[in-house]
1. Go through (1) outside any strand (DSSP E or B); (2) free of Cβ contacts under 8 Å to residues at least 60 places away in the same chain and name the single condition residue 74 misses.
2. Considering only residues that are at pLDDT 95 or above and either crowded, with 20+ Cβ neighbours inside 10 Å or part of a loop (DSSP other than H, G, I, E, B) (or both), which ones fall in the stretch 83-101?
3. Are any of the residues in the stretch 72-80 touching a helix residue (DSSP H, G or I) at 6+ places or on another chain (Cβ under 6 Å) and either surrounded by fewer than 11 Cβ atoms within 10 Å (Cβ to Cβ) or more than 13 Å from residue 108 (Cβ to Cβ) (or both)?
4. Restricting the search to the stretch 117-130, which residues are over 13 Å from the mean Cα position of the chain (by Cα) and either part of a loop (DSSP other than H, G, I, E, B) or surrounded by 13 or more Cβ atoms within 10 Å (Cβ to Cβ) (or both)?
5. Name the single residue, out of those in the stretch 37-71 being in contact with a strand residue (DSSP E or B) (Cβ under 8 Å, 6 or more places away or on another chain) and in a loop (DSSP other than H, G, I, E, B), that is surrounded by the most Cβ atoms within 10 Å (Cβ to Cβ).
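The values are calculated or read from the model by the stated rules, or taken from the named source; none is laboratory data. What you are looking at is a predicted structure, and each value in this text was computed from that prediction instead of being measured. All Cβ positions, even for glycine, are placed from backbone atoms using ideal geometry, and neighbour counts span all protein chains on display.
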């Protein structure tokens, strides 16, 4: 009788631990804001910014502005590609150009949670100096 009770007890503990393991597994389509390892460009953030600046078409700038600030918001997918790209700036031309340039950039290293690639939200403020403005 004691053996049967012990066996049942061990079985219940085993089922309990299996149920806990499944609840720890990550949701495949969830977009994480806080992760253990943030997504980042393979070439490094400095090289990313240099390339972004180089690809940006300054001809879209019509005003005599010396500086343009655009806040990029996007999702980095598990494969490092970009999705759900939006840009914040009062000028529609600047927003559209920033989105166009980001779409041309190479994939990033995806974010990781529990050593597993996950989708993550990324906010990237970008400041561009207008090289068409004469000082």
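1. Every condition holds for residue 74 apart from (1).
2. Residues satisfying the conditions are 87, 97, 98, 101.
3. no
4. Answer for the stretch 117-130, where residues must be over 13 Å from the mean Cα position of the chain (by Cα) and either part of a loop (DSSP other than H, G, I, E, B) or surrounded by 13 or more Cβ atoms within 10 Å (Cβ to Cβ) (or both): 126, 128, 130.
5. Applying the filter and picking the extreme gives 39.
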